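Have a look at the structure below, then the notes.
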Amino acid sequence: MERMQQIVGRARAAFNSGRSRPLEFRIQQLKALERMVQEKEKEILAALKADLNKCGPNAYSHEILGVLGELALTMEKLPSWAAPQPVKKNLLTMRDEAYINYEPLGVVLVIGAWNYPFVLVMQPLIGAIAAGNAVVVKPSEVSENTARLVAELLPQYLDKELYPVVTGGVPETTELLTQRFDHILYTGNTAVGRIVMAAAAKHLTPVTLELGGKSPCYIDKDCDLAVACRRITWGKYMNCGQTCIAPDYILCDPSIQSKVVENIKATLKEFYGEDVKSSPDYERIVNQRHFKRVKSLLEGQKIALGGETDEASCFIAPTILTDVSPESKVMEEEIFGPVLPIVTVKSVEEAIEFINRREKPLALYVFSNNKQLIKRVISETSSGGVTGNDVIMHFFLSTLPFGGVGHSGMGAYHGRHSFETFSHRRACLIKDLKMESTNKMRYPPGSQKKVDW
Amino acid sequence: NPYAGLVSHLRASWLSGKTRPMEYRMAQLEALGRFLDDKKQEILEATELDMGKPSFEAFFSEILLCKNELNVTLNNLSHWMKDEYVDKNLVMQLDSAFIRKDPYGVVLIIAPWNYPIHLFLVPLIGAIAAGNCAIIKPSEISKNTETLVAETLSCYLDNDCFAVVTGGVQETTRLLENKFDYIFFTGIPPVGRIVMTAAAKHLTPVTLELGGKNPCYVSDTCDVTNVARRVAWGRFFNAGQTCIAPDYLLCTIEMQEKLMPALREAITEFFGPNPRESPDFGRIVSDKQFQRLRGLLGSGRMAIGGQTDEAERYIAPTVLADVLPSDPAMQEEIFGPILPIVVIANMDEAIDFINARPRPLALYAFSCDSKIVNQVLERTSSGGFCGNDTLMHVTLTSLPFGGIGNSGLGKYHGKFTFDTFSHHRGCLHRNMGLETLNAPRYPPYTQQKLGLLTTTFEVKRRGTCTLL
């Protein structure tokens with residue numbers, strides 16, 4: 001208890017000193033982060049390999065490239081993002097100054113996840129620093145090599161008091177959550193999301209919760225199946241299916257189900273070769289617990305492709321299940337593994353109904369040559385975000401807010417949205433102390449004449 | 001669960017999609033406007049019965065400001081509803097990227113008693129504009145207004161999509177057991193915590209408009225008469241029962257000396273020699289609040305007012321001088337017609353005093369020297385800020401209205417209300433062709449592919465020279 005209190009207390013004192021507020025300081029810290037990523041690239045890639053068996057180019061493109069991009073964008077745009085924003089005035093305030101002032105919130109907490117352990121800690125951190133806050137960083141203990149590395153590196157490059165790293169598991173996080181923060185950004189699962197929000201409620205702390213769910217992927221009969229399946233294969237099996245916005249399951253007409261399986265099979269060979277297990281580009285399940293969990297989803301299912309597992313190495317082959325029943329276990333929870341169920345539906349109406357009967361997902365995917373159909377699916381459903389005719393990609397456009405809705409989360413970030421998430425928009429109206437005559441209208445004694453005017 | 005039926009009825013209406021077309025939303029909003037027009041007299045009467053609200057004030061806050069919000073929304077709704085197209089990166093040049101404003105679904109609006117129409121109606125405007133269904137829970141403390149709303153709102157709005165629920169703490173607690181897609185709460189911080197905790201069970205996003213003690217710093221260089229009028233107006237409006245009222249004054253002992261006669265004069269100018277007889281001065285809403293406020297009168301030195309009448313729940317416009325930080329009046333949000341003055345030596349001390357306390361909903365600073373106003377602004381934190389006046393920043397619909405820390409989270413008014421009740425959904429609609437452009441991202445992963453990806457995805461800092 002005391003340790004957390006001390007760490008957070010120091011961060012708060014550092015924030016109160018005011019030194020995290022000047023733009024020059026923030027940019028200097030972001031520059032230092034950039035140097036860290038560039039200088040320690042080898043170490044970061046090694047940690048990711050140890051945690052998730054990710055190979056170099058893969059880890060670089062998923063975790064480092066994006067971070068560098070976000071840093072460059074933020075450093076360039078920060079002066080314009082942070083500038084006071086004048087607003088439209090009315091008759092009474094015509095001669096006054098009215099604007100929105102962007103201010104830091106104070107001490108924010110960033111809780112990362114294990115599946116993209118570096119980027120999911122760095123991207124929020126970038127936004128929080130840019131907004132002028134102190135930031136307590138809590139990487140996931142499940143990806144322990146990355147957590148250890150982050151705890152080692154950040155103090156070497158950043159202001160030690162303003163941006164402490166806290167490591168540990170559930171007990172440490174629970175302790176941390178008893179402290180008062182001015183914003184908490186949590187990436188993880190729905191169940192823990194509830195716990196974080198309940199803890200935040202005690203201090204009236206605003207939260208951004210990046211959770212998950214089952215992201216549906218509807219494939220229309222009228223579409224280029226080869227292209228669609230290649231894109232889906234990429235998004236589904238990257239990181240061994242452990243991606244919050246992976247297409248979780250497919251909805252399609254029964255008549256194209258076997259073609260979908262064939263196309264994915266062909267693509268898998270293209271991607272990983274004849275023997276997936278020996279491909280350096282195919283990852284592993286992060287630990288035994290998740291391995292057992294994903295493996296159990298295969299029970300009683302029709303395995304059209306894959307299904308091989310190896311407990312010792314936490315290997316699960318890219319797997320497709322066909323004619324899956326909506327009531328089965330694999331359709332209950334977010335899969336977070338390389339298992340792709342196909343549920344058949346007879347029409348887009350049925351697909352939409354199916355999707356709407358379930359909790360709102362983090363992402364929604366629809367493949368079709370028919371633009372109108374895509375527009376319809378978007379308009380008649382709700383989800384955190386959408387990509388049409390591809391998967392995952394909306395995550396990579398930082399001008400789009402990235403976040404969930406309903407059980408998949410609340411709030412959003414990326415790019416400018418991160419800056420705004422971690423800022424307080426303070427309404428400011430500065431009047432003249434003279435010019436009292438215009439005020440007389442509003443003062444008592446009231447009269448009908450004044451009301452009519 | 002007594003409200004399960006109601007909530008599921010609204011949810012069924014929501015799923016039917018009827019609240020989504022713009023025409024439907026405009027029609028419901030226009031109906032709200034008719035409600036304000038038709039029931040204007042009843043609203044003035046109900047609020048007068050509830051807290052002696054002067055009809056001038058009631059017209060201003062419950063009718064005029066609400067109609068402004070309504071008109072801003074009606075005028076701009078089609079524009080606000082449109083997909084917002086965003087800048088794209090190199091790889092997505094041929095794609096369509098936009099932010100879609102989706103309704104949340106079924107929302108809950110819990111309103112307090114002090115501006116009983118305004119504080120449910122303005123959020124409701126945004127909820128309807130954003131395409132949601134809504135349950136409105138007005139405060140049981142402003143009984144007459146509660147009855148008015150419960151009995152008449154249903155004559156104007158679609159009853160399949162909008163419902164009013166009445167009751168007290170018990171009913172609200174049961175209501176909060178249900179799953180809502182958004183909860184908008186205006187009230188005090190302890191209840192804000194309860195609401196957010198209940199919301200956490202369903203992962204329901206919330207906006208909490210809470211309160212606190214709004215400081216009002218008056219520098220030594222100022223026009224004392226104007227300051228006194230503006231502060232008195234803000235403090236005694238609605239007999240002080242305003243979340244953004246200047247709660248206490250901070251000034252030097254010399255300024256306290258100068259302000260006192262000016263405040264006395266302003267009060268007399270506004271309410272006459274006996275404010276009890278003025279139709280323009282309100283009453284305290286309940287016996288409980290009256291007793292609480294009476295207990296604060298012993299703080300400091302009674303300089304102006306102090307008279308009370310229990311039967312009428314009347315407390316005179318009161319100014320307390322030389323109040324100490326340890327006095328009862330400085331321990332809680334006052335929410336009544338009592339203005340304590342806390343003496344400080346200089347601006348730095350005032351700023352330290354403010355920063356040692358929870359962040360308020362509003363912060364006021366008065367000075368003829370704009371540098372002083374700016375310094376107070378820059379060195380403090382608050383929901384909103386108004387220099388050289390009180391209350392007025394919330395009448396500008398282009399400014400966001402909300403708190404920070406203990407004074408709340410989220411914001412509304414104008415477009416901000418629409419945005420509050422919308423889910424901003426990031427949408428990328430890609431081209432099915434041009435598959436070759438995607439090749440660099442697919443396994444097998446190679447350094448060469450990585451190089452290609454880096455070139456196309458990278459954001460370069462302007463001014464960095466890559467030719468070295």
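Rounded to the nearest 10 square angstrom, B:Glu177 shows an accessible area of 90 square angstrom against a 1.4 Å probe. Surface listing: B:Thr454, B:Thr166 arranged by accessible area from highest to lowest gives B:Thr166, B:Thr454, probe 1.4 Å. Between the stretch B:320-360 and the stretch A:185-202, the C-alpha centres lie 35 angstrom from each other. Near A:His424, the amide H atoms lying under 5 Å from its own belong to A:Glu103, A:Leu105; only residues 5 or more places off or on other chains count, and H is placed 1.01 Å from N. Between helix A:348-357 and chain A there is an angle of about 60 degrees, using the helix long axis and the longest principal axis of the Cα atoms.
DSSP beta bridges confined to the stretch A:216-395 are antiparallel in about 25 percent of cases. Measuring only protein heavy atoms, the 1.4 Å probe finds B:Met347 accessible over about 30 Å². Computed in the context of the full set of protein chains, the accessible area of the stretch B:117-226 at 1.4 Å probe radius has 56% of its extent on carbon or sulfur. In the context of the full set of protein chains, residues of chain A present 36 Å² of accessible surface per residue (probe radius 1.4 Å, heavy atoms only). Note on B:Lys39: lysines with a C-alpha under 22 Å away, same-chain residues under 8 apart excluded, are A:Lys449, A:Lys450, B:Lys53, B:Lys67, B:Lys137, B:Lys143. Only protein heavy atoms count here, probed at 1.4 Å, and on that basis chains A and B bury about 8700 Å² of accessible area in total.
Using the Stokes-Einstein relation with a Kirkwood hydrodynamic radius computed over Cα pairs, the translational diffusion coefficient of the protein assembly as shown at 20 °C and a viscosity of 1.002 mPa s comes to 73 µm²/s. In terms of accessible area, using a 1.4 Å probe and ignoring ligands and nucleic acids, A:Leu362, A:Leu373 rank largest first as A:Leu373, A:Leu362.
Converting phi to 3J(HN,Hα) with the Karplus coefficients 6.51, -1.76 and 1.60 and the offset θ = phi - 60°, the stretch B:240-251 yields x, 8, 9, 5, 9, 5, x, 7, 8, 9, 10, 7 Hz in sequence order, with x at every glycine or proline.
When the surface is traced with a 1.4 Å probe over the full set of protein chains, B:Asp160 keeps roughly 60 Å² accessible. A:Ala47 sits among other residues whose Cβ lies under 13 Å from its own Cβ, and their net charge, with Lys and Arg +1 and Asp and Glu -1, is -1. Shown in residue order for the stretch B:362-372 are the 3J(HN,Hα) couplings computed by the Karplus curve 6.51 cos²θ - 1.76 cosθ + 1.60 at θ = phi - 60°: 9, 9, 10, 9, 10, 6, 6, 8, 5, 5, 5 Hz (x for Gly and Pro). Going from the isolated chain to the complete set of protein chains, the stretch A:255-294 loses at least 10 Å² of heavy-atom accessible area (1.4 Å probe) at A:Glu270, A:Phe271, A:Tyr272, A:Asp281.
Taking amide H as placed 1.01 Å from N in the peptide plane, B:Gly408 has its amide H under 5 Å from the amide H of B:Leu210, each at least 5 places away in sequence or on another chain. Taking all protein chains together and a 1.4 Å probe, the residues B:Leu94, B:Leu175 rank B:Leu94, B:Leu175 from largest to smallest accessible area. From largest to smallest, the equivalent ellipsoid semi-axes obtained for the stretch B:215-406 from the alpha-carbon gyration tensor read 25, 18, 17 Å. Annotation for the stretch B:1-32 versus the stretch A:244-306: alpha-carbon center distance of 41 Å.
Treating the angle as unsigned and between 0 and 90°, give the value, to the nearest 10°, between the Cα long axis of helix A:119-130 and the longest Cα principal axis of chain A. Long axis of A:119-130 versus the principal axis of chain A: about 10 degrees.
Taking every DSSP helix (H) stretch of at least 4 residues in chain B, weighting each as -39,500 (n - 2.57) and dividing the sum by the residue count yields a mean residue ellipticity at 222 nm of -12000 deg cm²/dmol. Our coupling estimate for the stretch A:175-191, obtained by passing each phi through the Karplus curve with A = 6.51, B = -1.76, C = 1.60 and θ = phi - 60°, is 4, 4, 6, 7, 6, 8, 10, 9, 6, 10, 10, 10, 10, x, 9, 4, 4 Hz, Gly and Pro reported as x. The stretch A:1-24 and the stretch B:74-130 have their alpha-carbon centroids 35 Å apart. Explain nothing, just the number: dipole magnitude of the stretch B:215-406 about its Cα centre with +1 on each Lys and Arg Cβ and -1 on each Asp and Glu Cβ, in debye rounded to the nearest 20. Its charge dipole is roughly 380 debye.
The values are calculated or read from the model by the stated rules, or taken from the named source; none is laboratory data. Predicted model only: the values in this text are computed from it and were never measured. Glycine also receives a Cβ, built like all others from the backbone with ideal geometry; neighbour counts cover every protein chain displayed. The area values use the complete protein model at the heavy-atom level, side chains included, leaving out ligands, DNA and RNA. Shrake-Rupley method; radii C 1.70, N 1.55, O 1.52, S 1.80 Å.
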